[in-house]
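Single-structure report; data block below.
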Amino acid sequence: MTVAQFESVADAWPIGLVVVVGLFGLALGSFLNVVIARVPAGGSLVHPGSACPGCRAPLAWYDNIPVLSFVVLRGRCRACAMRISWRYPIVEVITAAALVLAYVAFGPSAEFLVACVLLPALVAMTAIDLQHQMIPDAITLPGIPVGLLINVATGRISWIDSVIGILVGGGLFLVIILASRGGMGGGDLKLGAMLGAFLGWKALLCALFVAIVLGGATGAVLLATGRRGRKDPIPFGPFLAAGGAMALFWGERAFGWWMGGFGG
Ligand SMILES: [Zn+2]
């Protein structure tokens, strides 16, 4: 389908396409759950098929429908009644919501295409970092060339902006890692470079700003309420991912406003 054809379908059938994007997001979220469960362990994404982690019973297709199966089964395995993690429906709903928001914001466009690649990657990375305190190279390393190529292919931002973004994102974290001696990991560096590749350096700076504000505020609340001690590491990946997602939607505009002296 060409972009022009896609646009004419979008004009004729706007609500229908939002529903299609939402269903696609749910299916993609379901796939991300497989990525989240298997990538940190280095497992294959296709083999074996989905099974209950408790009793190894293979999942029938009707027990593997995004969100719906979780609700019908009341969050338990059909065979052994083991609790299914809330992560599954949450990841599916967030992925679907992110793509619907992107479609409503950008319409059928290069921005939407970029969003369809970047946002699901950020959802998977956030879940993996929260669960395993690591950001997988299997996502960030290919993400750097993919981000650059998608910008070259669509012309959404110039390739120079994207390359500078990679250097700024990676470089800033390199400085932080050297200065903090272990407070920040190499995973954050690669994620910073990947965000720079997708967003370009201007929106990347907005992403970093949002990440630092959100991370700092969350850290302060966790310290103040005693839920984390001063020595406990708080993963920074989820904040970077949130900043990256916000920068995809508003980064270029925020940067212009910033450079214009907050004037307009
Ligand atoms: Zn089971």
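Rule-based calculations on the coordinates, nothing more; no lab input. Computed from a predicted structure; not experimentally measured. Positions of Cβ are generated from backbone atoms using ideal geometry, with glycine treated the same way; all protein chains shown enter the neighbour counts.
Which value in Å is the Kirkwood Rh of the stretch 10-59 over different Cα pairs?
In the stretch 10-59 this quantity evaluates to 13.0 Å.
Using only the alpha carbons of the chain, determine the length spanned along each of the three principal axes and report them from longest to shortest in whole angstroms.
Sorted largest first, the three principal extents are 59, 56, 33 Å.
Tell me, in nm to one decimal, what length is gained between Leu68 and Val93 on full extension, where the rule is 0.36 nm per residue of separation less the Cα-Cα distance?
Full extension of this stretch gives 7.9 nm more.
Quick one: Cα convex hull volume of the stretch 110-264, Å³ per residue?
115 Å³
Hey, in the chain, which Cys have no second cysteine's beta-carbon closer than 4.7 Å?
Cysteines of the chain left without a disulfide-compatible partner: Cys116, Cys206.
Assuming R0 = 41 Å, can you tell me the calculated FRET efficiency for the pair Ala79 and Lys231, based on Cβ-Cβ distance, to the nearest 0.05?
E(calc), rounded to 0.05, equals 0.45.
Would you please give the residues with an amide H less than 5 Å from that of Met82, counting only those at least 5 places away or on a separate chain, with H modeled from the backbone geometry?
The answer is Cys77.
DSSP loop (so not H, G, I, E, B), at most 10 other Cβ within 10 Å: list which chymotrypsin sites (Phe, Trp or Tyr not before Pro) in the stretch 52-97 pass both filters.
Filter output for the stretch 52-97: Trp86.
Using Cβ counts within 10 Å as a stand-in for footprinting exposure, how do Tyr88, Tyr103 rank, fewest first?
Tyr88, Tyr103
Check Ala51: other-chain or 5+ apart residues with amide H under 5 Å from its amide H, H built from backbone geometry?
HN-HN under 5 Å from Ala51: Leu59.
Taking other Cβ within 10 Å of each residue's Cβ, how do Ile90, Ile36 sort, fewest first?
Ranked by crowding around the Cβ, least crowded first: Ile90, Ile36.
Provide the per-residue ³J(HN,Hα) series for the stretch 97-105, in order, calculated from phi with Karplus coefficients 6.51, -1.76, 1.60 and θ = phi - 60°, each as a whole number of Hz, with x at glycine and proline positions.
So the J values, rounded to whole Hz, are 5, 5, 6, 5, 4, 5, 5, 5, 6.
Based on DSSP loop calls and a cut-off of at most 11 other Cβ atoms within 10 Å, the longest stretch of the chain free of exposed trypsin sites (Lys or Arg not before Pro) is what?
Within the chain, the longest run free of exposed trypsin sites (Lys or Arg not before Pro) spans 75-180.
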